[in-house]
């Protein structure tokens with residue numbers, strides 16, 4: 001069976017597009033904040049947020065609100081049963097230090 005040049009071109013283009021999509025995909029997680037929470041100098045209200053990881057940064061989004069914060073990703077030995085947020089509270093505000101992503105062994109460490 002011989003493929004025409006057009007069919008071969010379409011097949012190559014489709015494969016290339018798929019490979020770029022997979023390579024460029026960012027890790028995405030969801031978290032619910034129950035307290036007013038500080039990410040760096042930005043305070044977020046309680047609510048549901050989406051976190052995308054890209055190039056050593058976490059992009060925290062809810063609607064039009066968008067905050068970027070440096071993040072380090074660590075892998076724990078075991079999966080976390082639920083998502084939890086760890087805070088520091090030295091100045092009376094809740095600064096997010098760590099998010100343990102439920103159902104995974106992923107820890108997001110924030111440097112405040």
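The values are calculated or read from the model by the stated rules, or taken from the named source; none is laboratory data. Keep in mind that this is a model prediction, so the values were computed, not measured. Reconstructed Cβ throughout: ideal geometry from the backbone, glycine too, with neighbour counts over all protein chains shown.
Considering only the stretch 88-111, how many residues are surrounded by 15 or more Cβ atoms within 10 Å (Cβ to Cβ) and assigned to a loop (DSSP other than H, G, I, E, B)?
Adding up the residues that qualify gives 1.
Limited to the stretch 67-84, what total is found for residues that are surrounded by fewer than 12 Cβ atoms within 10 Å (Cβ to Cβ) and either at pLDDT below 95 or not in a strand (DSSP E or B) (or both)?
Going through the stretch 67-84 one residue at a time, the tally reaches 4.
Would you mind stating whether residue 89 is at pLDDT below 95 and under 17 Å from residue 34 (Cα atoms)?
yes
Checking the conditions here, which among 100, 54 is in contact (Cβ under 8 Å) with a residue 24 or more places away in the chain, within 14 Å of residue 33 (Cα to Cα) and within 13 Å of the chain's Cα centre (by Cα)?
Matching residue, one of 100, 54: 100.
Yes or no: residue 35 in contact with a strand residue (DSSP E or B) (Cβ under 8 Å, 6 or more places away or on another chain), part of a loop (DSSP other than H, G, I, E, B) and either crowded, with 16+ Cβ neighbours inside 10 Å or modelled with pLDDT under 95 (or both)? Lay out the reasoning, then the answer.
Numbers: in contact with a strand residue (DSSP E or B) (Cβ under 8 Å, 6 or more places away or on another chain): yes; part of a loop (DSSP other than H, G, I, E, B): yes; either crowded, with 16+ Cβ neighbours inside 10 Å or modelled with pLDDT under 95 (or both): yes.
Yes: the conditions hold for residue 35.
Restricting to the stretch 38-60, what's the tally of residues that are part of a loop (DSSP other than H, G, I, E, B), touching a strand residue (DSSP E or B) at 6+ places or on another chain (Cβ under 7 Å) and loosely packed, with under 14 Cβ neighbours inside 10 Å? Explain how you work it out, then say what you get.
In the first step, residues of the stretch 38-60 are kept if they are part of a loop (DSSP other than H, G, I, E, B); the result is 40-41, 45-46, 55-56.
Subsequent filtering for residues that are touching a strand residue (DSSP E or B) at 6+ places or on another chain (Cβ under 7 Å) retains 40, 46, 56.
Adding the requirement that they be loosely packed, with under 14 Cβ neighbours inside 10 Å leaves 46, 56.
Residues that pass the stated criteria total 2.
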